[in-house]
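Single-structure report; data block below.
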Amino acid sequence: MHLSKYLLIHNRLTLAALGVLISIGCHQPALESPLISHAGWMIKLPQEERQAVTNLLRTGQFTRLNQLYEDLQRQYENGLINDRDLTLQYQPFNNTSHENESLLNQWVENSPASYPARLARGLYYARIGVEHRGAKTTANTPTAKIQDLHYYLDLSNKDLIDSLPLTSKPTVSVLRLLKSSKHRDGKQVNRKWLDYANRIDPKNYEVRREFMITLAPRWGGSHDEMWAFLKECQDEHLQIEYMKALEARIYLDQAEEWCCERHQPEKGLVFYRKVVSLLDGIDIKEKLDALKGIVSNRDKSQSLMAMVPEIEAILRLSPNESRILGYRGWVRFQQGRNLEGLKDYETAAELGDAYSQLQFGKQLYYGMPPTVVPNREQALIWIKKAASQGNEGARQFIAEVEPSK
């Protein structure tokens, strides 16, 4: 199918969706459930909770899934949880495992009027599309990948648009529709999704945050537009923590521009540190990205030992950041905490970090008396994994210990 056909389908869906804006129905779940346990800010739902939802899906417990998510939706609509809490609960459906598609199809077929079922499948298809496209700029992305993105966004949008009349506050659906719109619709449609979200939940955060992202220069906006939108949110009396989070989004974008586009990291670091300072006590992705930016763009004459506070803060927010785990492994060896450092290298190696694969392999190759005996066979497996990723140190090590190969 050609890209033009994808866009034709998409345009029809968008027109249909905007017609739904004034005809939202009301949905009354039947069961009570306990309030979700998370308080404050969180970047990622705990793995055990994501797995519990995945297990319900994999075992075909669609009635239970409906009960669980309809109760969460009711808590949100009754003001017991906010849009951030509810959005977080849908993270399990970002799992793009192929087998999930047929299960999500079964859920929708089993419960065609279920808001959670439609939303979950819409989120799944959107995630598939984003993964197919990749993270490169449009200019560096093959046309086939762009076509894949539009194909899956069309599938996603169909479910999301169908979900809108099924509950009184379909804010999570609107959030995903805005994310899709950002890729292809332009400012006018982006604004309509924001206005829709603000009508059904005047104090929402997630849709405002996504709209702020659409105003960034890389999406055709400007920092002036971002600041103007922040003022708009202030005039709407958005709560102070949300205002700080949205302001931090602007500083983060400025930091990335200085570091990645203008190649002046010393100026970018000023903005990264502003983000971290502004988000004291607010654990969101912007804070994580700023901390990683500080570590990555540090003066390279500066030892990683000076970055220990940032390294620990990153791993508190996101324990499986493989590159940062490798950094902490190096730090712990410098501190004489060798077994802890080895454990960090091992974890990072398992997560695919080439530097850690080399370092973990070296420690296994020579051993760490008296606790770690040499295991050269296992060591070379890890070092060859690093070499296969282009790590030059790993290639040199293999050439030295296996000169005849």
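The values are calculated or read from the model by the stated rules, or taken from the named source; none is laboratory data. Source: prediction; values computed, not measured. Here Cβ is always computed from backbone atoms with ideal geometry, including for glycine, and neighbour counts include all displayed protein chains.
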Can you find, within region 55-87, the residue that is farthest from residue 98 (Cα to Cα) among those that are basic (Lys, Arg) and in contact (Cβ under 8 Å) with a residue 12 or more places away in the chain? 74
Can you find a residue that is under 21 Å from residue 133 (Cα atoms) and part of a helix (DSSP H, G or I) anywhere in region 185-196? yes
Screening 314, 324, 282 for residues that are outside the structural domain of residue 46 (by TED's automatic domain parsing), within 24 Å of the chain's Cα centre (by Cα) and surrounded by fewer than 17 Cβ atoms within 10 Å (Cβ to Cβ) leaves only 282
Return the residues of region 197-230 that are among the aliphatic types (A, V, I, L, M) and in a loop (DSSP other than H, G, I, E, B); say none if nothing qualifies. 215, 216
Could you list all residues from region 213-245 that are closer than 15 Å to residue 289 by Cβ and aliphatic (A, V, I, L, M)? 213, 216, 245
Pair list, Cβ < 9 Å and 6+ apart or interchain, from region 139-160 residues that are farther than 23 Å from residue 174 by Cα and at pLDDT below 95 to residues that are surrounded by 14 or more Cβ atoms within 10 Å (Cβ to Cβ) and of a type in the set (D, E, K, R): 141/133; 145/133
Elements of type helices (runs of 4 or more DSSP H) in region 287-405, at least 1 residues being within 28 Å of residue 275 (Cβ to Cβ) and modelled with pLDDT of 95 or more: 308-317, 322-334, 338-350, 354-366
What tally of residues in region 211-228 results from selecting those that are surrounded by fewer than 21 Cβ atoms within 10 Å (Cβ to Cβ) and β-branched (Val, Ile, Thr)? 1
Say whether the condition of being assigned by TED's automatic domain parsing to the domain that holds residue 109, at pLDDT below 95 and more than 30 Å from residue 279 (Cα to Cα) is met by at least one residue in region 62-74. no
